[in-house]
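The values are calculated or read from the model by the stated rules, or taken from the named source; none is laboratory data. Small disclaimer: the values here were computed from a predicted structure and weren't measured. We place every Cβ from the backbone using ideal geometry, glycine too, and count neighbours over all the protein chains shown. Accessible surface areas use protein heavy atoms only, side chains included; no ligands, DNA or RNA. Shrake-Rupley method; radii C 1.70, N 1.55, O 1.52, S 1.80 Å.
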Amino acid sequence: MSYQLTIEPIGATVDIEEGQTVLDACLRAGVWLPHACGHGLCATCKVQVLEGEFEHGEASPFALMDFERDERKILACCATVECDTVIEAEVDEDPDAQFIGLQDFSGRVVKADMLTPTIRGIWLEVDEPVQFQAGQYIMLKVPGVQGERAFSIGNAPGTNQVELHIRKVPGGAATGWLHDELKVGDTLEFTAPLGRFFTRKSANLPMIFLAGGSGLSSPKAMIEELFNEGCTLPITLVQGARNESELYYYSHFVELAAKHPNFTYIPALSDADISENWTGAKGFVHEALKAHFNNDFRGHKAYMCGPPPMIEACISTLMQGQLFERDIYTERFLTSADAEGLAKKSPLFKHV
């Protein structure tokens, strides 16, 4: 059985199946709702029900409190409806957003290489190109592991392959299997695309990309997409790693910098015992960022992906250098562990 779900104030109406979550129905129809953890824990997807009947599902009592339930609020990621329903959501319109419906895919592993001692690159091939915006992510099903896992897409759109950079998490069942058990020829199922992390091209401003660890995947895809489209705006990438063995795609970005005079590549290593042959920046990403721009970031758009401490330090540095929230973008998908750890967003930001 299916119902009609109307989303106000945009007036969009989508089909929603019995047992299907509000968020899933909207995303599959190409209607974006704010969301982050997808586990009913972070409250980012909270919306108001104006008409209709519903079930809350596994919404955390901390994310959706009793008085909010009495006010007919729901968490879209876990709520289902029981009849035709009307909701009201805060849907930000962005001129650079592409509304691509969520789809399920089956991909065959055609390549799997260790990019660093802790990060494995996996390339999935599908029958036809997966539509997405560079910077978005997929939800991957890992055999034998409950729940899906979010991984950013590391290549630009337009091919029938999806590139993933997967860091092995100590004790992590999903990343452990993907590192130790997955082999070329295996098939994995995933859903795509998700996320609101993409370049704001209409701003026509110079861009700064900041990446740490496997957080390089989204900036790599975004930069490659920009060059595929002939972008001539200044583009700077600051890539952080502990040491040279963890600094992957170094040669790729050096070649891009040689080919494109508008591209500046700044690799930075933070280990104290860096090789004497290293001639690049030494220190953390935010330190290399500050030194290169002389602490003045006005007139730029900044995009960052990496571990939370890196993100926090970079946001603080950018704000000290006169770049503020409206021009700073971070990747915002969360695992259930992230949400439970209250790692939803930087306290320096007022809103998600």
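Mean sequence separation of contacting Cα pairs (under 8 Å, at least six apart), scaled by the length of the stretch 1-110, corresponds to a relative contact order of 35 percent.
Is the stretch 13-87 best put as rounded, prolate or oblate by its Cα gyration tensor, with a ≥ b ≥ c the root eigenvalues, rounded for a/c under 1.5, and otherwise prolate when a/b is larger than b/c, oblate when not? Kindly include the intermediate steps, with their values, before the conclusion.
Working: a/c = 1.77, a/b = 1.24, b/c = 1.43.
Oblate, because a/c is 1.5 or more while a/b does not exceed b/c.
State the volume of the convex hull built on the alpha-carbon positions of the chain, expressed per residue in Å³ and rounded to an integer. So the per-residue Cα hull volume is 146 Å³.
Solvent-accessible area assigned to carbon and sulfur over the stretch 108-175 amounts to 46 percent, based on a 1.4 Å probe.
About the centre of its Cα atoms, the chain shows a dipole size close to 1340 debye [charges on the beta carbon of Lys, Arg (+1) and Asp, Glu (-1) only; nearest 20 debye].
Could you work out the relative contact order of the chain, using alpha carbon pairs under 8 angstrom and six or more residues apart, expressed as a whole percent? Don't skip to the end; give the middle numbers.
On the way: 759 pairs, mean separation 51.5, N = 352.
Taking the mean separation of contacting Cα pairs over the length of the chain, I get 15 percent.
For the stretch 46-104 versus the stretch 151-185, the inter-centroid distance based on Cα atoms is 30 Å. Rounded to the nearest 10 degrees, the inclination of helix 308-320 to the longest alpha-carbon principal axis of the chain is 80 degrees.
Surface composition of the stretch 47-90: carbon plus sulfur atoms hold 49% of the accessible area, using a 1.4 angstrom probe and ignoring ligands, DNA and RNA.
Looking only at trypsin sites (Lys or Arg not before Pro) in DSSP loops with at most 11 other Cβ atoms within 10 Å, what is the longest site-free stretch of the chain? Display every interim value, and only then the final one.
Details: sites that count: 183, 298, 350.
Answer from the scan: 1-182.
Compared with the direct C-alpha span, the chain from residue 161 to residue 275 gains 37.5 nm at full extension, assuming 0.36 nm per residue. For the stretch 159-311, just say rounded, prolate or oblate: build the C-alpha gyration tensor, square-root its eigenvalues into a ≥ b ≥ c, call rounded for a/c under 1.5, and beyond that prolate if a/b exceeds b/c, oblate if not. Taking the square roots of the gyration eigenvalues as a ≥ b ≥ c, the stretch 159-311 is oblate.
Do any of 141/183; 168/259; 111/201 go past 24 Å between their Cα atoms, and which?
Numbers: 141/183 15 Å; 168/259 33 Å; 111/201 32 Å.
In this structure, 168/259; 111/201 lie more than 24 Å apart at Cα.
Which of the aspartates and glutamates could a cross-linker bridge to residue 282, judged by Cα under 12 Å and excluding same-chain residues fewer than eight apart? Cross-link targets: 244, 271, 273. Helix 217-228 and the long axis of the chain differ in direction by around 80°, with both axes built from C-alpha atoms.
Given a cut-off of under 8 Å on Cα pairs at least six residues apart, what relative contact order in percent is computed for the stretch 112-190?
Values: 133 pairs, mean separation 26.1, N = 79.
Computed value for the stretch 112-190: 33 percent relative contact order.
Helices in the chain, meaning DSSP H runs of at least 4 residues, each add -39500 (n - 2.57). Divided by all residues, the mean residue ellipticity at 222 nm is -5500 deg cm²/dmol.
Less than 14 Å Cβ to Cβ from residue 86, Lys/Arg counted +1 and Asp/Glu -1: what total charge do the surrounding residues give?
Numbers: positive: 72, 73; negative: 8, 51, 53, 82, 84, 88.
Taking every other residue near residue 86 into account, the sum is -4.
Solvent-accessible area per residue in the stretch 131-195 equals 41 Å², computed with a 1.4 angstrom probe and all protein chains kept.
Against the main long axis of the alpha-carbon atoms of the chain, helix 250-259 sits at an angle near 80°.
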